[in-house]
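I have placed the structure first, in the form of structure tokens, so that the comments after it can refer back to it.
The values are calculated or read from the model by the stated rules, or taken from the named source; none is laboratory data. Computed from a predicted model, the values in this text were never measured in an experiment. Cβ atoms come from the backbone with ideal geometry, glycine included; neighbour counts cover every protein chain shown. Please note that ligands, DNA and RNA were not included when accessible areas were found on the heavy atoms of the full protein model with its side chains. Shrake-Rupley method; radii C 1.70, N 1.55, O 1.52, S 1.80 Å.
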Amino acid sequence: MAVLLETTLGDIVVDLYTEERPKACLNFLKLCKIKYYNYCLIHNVQRDFIVQTGDPTGSGRGGESVFCKLYGDQARFFDAEKVPRIKHKKKGTVSMVNNGNEQHGSQVLILYIYNIYIHVSLFYEVNTCTSSDID
């Protein structure tokens, strides 16, 4: 399954790992469907490392999972899916951002460095970019 992200710099097609990370993919898809990510700023850019977005406040401290909308504040975050283990092997790897307690909300990052291990839940990757690539 794939998702088309429309940005001000061009479109990005993201392939989802629905079998390996079902809850993260469901969260991402439902947040996309309710237009949660519309107008979210890229609030963190680390040269030769990552681009981070998904916080509607733009501060890097906000955001919540779609499960919060369904079950209330106790479901603001959901537990990270760790099995099977998936590594960040290439540019364009997209992951949920860990809140520090092995849980995820709405924030995602796109990796733009090769072969690095970072402790986040990988759940999809960029397939194609129709405008300027991540480089």
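Computed values, structure above
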item: Count of segment 1-16 residues which are touching a Cys at 6+ places or on another chain (Cβ under 7 Å) and on the phi < 0 side of the Ramachandran plot; result: 3
item: Count of residues meeting criterion [at negative phi and open to solvent by 50 Å² or more (accessible area, probe 1.4 Å)] in segment 17-35; result: 11
item: Residue in segment 62-77 that is open to solvent by 50 Å² or more (accessible area, probe 1.4 Å), touching a Ser or Thr at 6+ places or on another chain (Cβ under 7 Å) and not in a helix (DSSP H, G or I) present; result: yes
item: Flag for residue 125 being among the charged types (D, E, K, R), modelled with pLDDT under 75, within 21 Å of residue 1 (Cβ to Cβ) and open to solvent by less than 60 Å² (accessible area, probe 1.4 Å); result: yes
item: Matching entry among 41, 4 (being assigned to a loop (DSSP other than H, G, I, E, B) and loosely packed, with under 15 Cβ neighbours inside 10 Å); result: 41
item: Index of the failed condition, residue 48 passing every other in (1) open to solvent by less than 50 Å² (accessible area, probe 1.4 Å); (2) part of a loop (DSSP other than H, G, I, E, B); (3) in contact (Cβ under 8 Å) with a residue 24 or more places away in the chain; result: (1)
